[in-house]
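S.K.: Starting off with a structure, shown below.
Coordinate-derived values only; no laboratory data. Just so we're clear, the structure is a prediction, and the values are computed from it rather than from any experiment.
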Amino acid sequence: MEDILAILNEVRPDIDFPSAERLIDDNILDSFDIITIVGEFNEEFDIDIDVEDLEPENFNTVAAMQELITRLQDE
């Protein structure tokens with residue numbers, strides 16, 4: 001979780017990620033942010049986030065992002 005938060009805070013230091021629950025639904029993160037985050041996650045966690053994984057529910061919260069990363073690492 002700490003690595004995820006470090007990446008997120010690097011991309012958007014103005015957001016309180018631990019308490020945010022609707023990052024995509026409330027347009028807090030835009031498409032450029034997501035592209036940047038996906039690239040950082042792919043590199044940091046040695047995963048490949050596909051287009052099919054780019055669903056709002058996978059990026060609305062830090063917990064959802066952690067679940068996505070864990071699932072992809074287990075595949």
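S.K.: Using only Cα atoms, tell me the angle between helix 31-45 and the longest principal axis of the chain; keep it within 0 to 90° and round to the nearest 10.
M.R.: That helix lies at roughly 40 degrees to the long axis.
S.K.: Let me ask you something else. Give me the angle, in degrees from 0 to 90, between the Cα long axis of helix 62-74 and the longest principal axis of the Cα atoms of the chain, rounded to the nearest 10.
M.R.: 10
S.K.: Also, I was wondering about something else. Once every DSSP H run of n ≥ 4 in the chain is given -39500 (n - 2.57) and the sum is divided by its residues, what mean residue ellipticity at 222 nm do you get, rounded to the nearest 500 deg cm²/dmol?
M.R.: The per-residue figure over the chain is -16000 deg cm²/dmol.
S.K.: Where does helix 2-11 land angle-wise versus the long Cα axis of the chain, in degrees 0 to 90, nearest 10?
M.R.: Orientation of helix 2-11: about 60 degrees from the principal axis.
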